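Below is one structure, written out as structure tokens; comments come after it.
Only the coordinates and a few stated rules stand behind these numbers; no lab work does. Predicted, not measured: the structure shown is a model, and the values here were computed from it. Glycine also receives a Cβ, built like all others from the backbone with ideal geometry; neighbour counts cover every protein chain displayed.
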Amino acid sequence: MDWQGRSDLFIDGAWVTGSGEALDVVSPATEGVLARFKAGSPADIDAAVTAARRAFDEGPWARTSLEERVALIVDLRRLLQEEQESSAQLMTDEMGCPITQSRAILAGAPLDIIDAYLDVARDFPFQEIRSARTGRALVSHEPVGVVAAIVPWNSPLGISVQKVVPALLAGCTVVLKPAPQTALTGFLFAELIERAGFPPGVVNVVPADREASEALVVHPGVDKVTFTGSTAAGRRIASLCGHDLRRVSLELGGKSAALVLDDAGLDQTVEALRMGAFRNSGQVCTLKTRVLVPERHRDELVGRLEAMVGSLSVGDPHDEATQIGPMVTQAQLRRVEGYIAAGSEQGAKLVTGGGRPAGQPRGWFVEPTLFSDVDPNMSIAREEIFGPVLSVLTYADEREAVAIANDTSYGLSGAVFCTDVERGLTIARQLRTGAVELNGSAIGLGAPFGGFKESGLGRENGPEGLSAYTEMRSIGLAPDVEIAL
């Protein structure tokens, strides 16, 4: 699919020329311009929200049956599957994710997300009768209305699907705001929405900069904002939504810890951290970037981690042998380099990596990096780096390990590695985080996902993820009234 030269937005079922500034989509691997497009302006945002508002208030979408909505989602899934390879190649072009990971994760996960939400929707209690001694009610989950979905660049298709699909299943309409860095993936998604036959205005796609994004958040026609991105941006969005009491869901940053207990199998642990700490070149909010190990096992674990990190192949993200690609932008590269420098300056031991990879004169590449002797108060142990940087910290006993893991403003994810599963569960239950992986086991798409503390508000996935796009209404009924559900 050739996106070179596209400068359109998808609003009210039509492709229109954006009225914002011209922006370049740049390859992080070659630094060459992939395409130029006209970003959405506040006026374009207003047009998109107006279309979504009209489609919700006056159009048929909110009054369609669940079966009709499911049929369109199933068709969208079919189209996503047909375009799986082209979307994987496109995302590797735009943000540098290694192609094997783009295929399996960035382009494969959207299909699994849709399947999971379809399963949830078929059993979801959109209407139910509840009775108590004090009364009887018809309780319904009504669509919240117009949803503003703001998605980041690091998983542009998957996170778009994760927000748009449950909103549509609930009967909402959507304005999707992709990140400018991955605008082309946003255009691809819009084209598939168009091909699937969704009515005009039900899904609108407007890549835009920060000014237009803020116009979307505060637009009076928006009923709910759902955002994935940095904690700083999430805090700003929460404050704006709080002023108008607008519904908001936030999936934000993380600084997740992997607790290695003294009975853990170190080979299994290290291999799990290959993807658990370095997936998508370190640009994932749930990665386990702090490894906590008993003091007596530090040298053994650091040695194994050094070998693993040194084995990670860095280079052309379209090469199937590549495991670490470039950072998405030059600014992100500078950020990562700054943290690496700070780690050394603050006294951490640079075990391996830390520089520019040999043989990569062009592109925003940094070597996968391992620090040991990291103090919990160092910036590399406290702040989200969003790059291929792993820190090893030590603890004297499990109580101290839990205290170090929880001594963070974040609470998105975590991991426990052990042989004794009951003991591992005891530790996992003490972690103040929304998800914990025991011995590398993923929580899956049926479980709620979201963060404690500054890692966000609300949950995605599972029935909780669908419920987030509904408002509950109760209608009082006499005891003898029969209602067909």
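What the table shows:
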read-out: Full-stretch length increase - Glu85, Leu66 - with 0.36 nm per residue and alpha-carbon distance subtracted; value: 3.8 nm
read-out: Region 256-438: Cα Rg divided by the 2.2 N^0.38 Å rule of thumb; value: 0.98
read-out: Reach of Lys349 by Cα under 17 Å, taken over aspartates and glutamates that are not fewer than 8 positions away in the same chain; value: Glu295, Asp299, Glu300, Glu306, Glu337, Glu367, Asp373, Asp375
read-out: Helix axis angle, 266-278 relative to the chain longest principal axis, alpha carbon, degrees; value: 50
read-out: Local electrostatic count at Glu337 - Lys and Arg +1, Asp and Glu -1, tallied over other residues with Cβ under 11 Å; value: +2
read-out: Sites Leu477 and Gln268, calculated FRET efficiency, Cβ-Cβ separation with R0 45 Å, nearest 0.05; value: 0.20
read-out: Peptides 215-223, 331-339 ordered by average Cβ neighbours within 10 Å, highest first; value: 215-223, 331-339
read-out: Region 407-464: trypsin sites (Lys or Arg not before Pro) in DSSP loop, at most 12 other beta carbons within 10 Å; value: Arg429
read-out: Estimated inter-spin distance, Ser230 and Arg296, nm [label 7 Å along Cα→Cβ]; value: 4.4
read-out: Loop sites in region 47-83: GluC sites (Glu not before Pro), DSSP, at most 15 other Cβ within 10 Å; value: Glu58
read-out: Pairwise centroid distance, computed over Cα atoms, of region 92-106 with region 41-59, Å; value: 32
read-out: Among beta bridges that DSSP assigns inside region 256-438, antiparallel share in %, nearest 5; value: 15
read-out: Cross-link pairs beyond the 20 Å C-alpha cut-off, checked among Lys38/Lys163; Lys224/Lys255; Lys38/Lys177; value: Lys38/Lys163; Lys224/Lys255
read-out: C-alpha long axis of helix 298-311 to longest principal axis of the chain, angle in °; value: 70
read-out: Residue-span extension gain [Ser131 to Ala331] - 0.36 nm each, minus C-alpha spacing; value: 66.3 nm
read-out: FRET efficiency estimate (nearest 0.05) - Cβ-Cβ, Ser441 to Asp75, R0 35 angstrom; value: 0.60
read-out: Sequence-distant residues sharing a close amide H with Leu393 (under 5 Å, placed H); value: Val291, Leu292, Val293
read-out: Added length on full extension, which subtracts the Cα-Cα distance from 0.36 nm per residue, Leu118 to Asp407; value: 100.2 nm
read-out: Whole-number percent relative contact order across the chain, with pairs defined as alpha carbons under 8 Å at least 6 apart; value: 18
read-out: Nearest-ten-degree value, helix 183-196 long axis tilted from longest Cα axis of the chain; value: 40
read-out: Of all DSSP beta bridges in the chain, antiparallel share, percent nearest 5; value: 45
read-out: Descending semi-axes in Å of region 1-110, equivalent ellipsoid built from Cα gyration tensor; value: 29, 23, 9
read-out: Alpha-carbon centroids, region 407-469 and region 317-346: separation in whole Å; value: 27
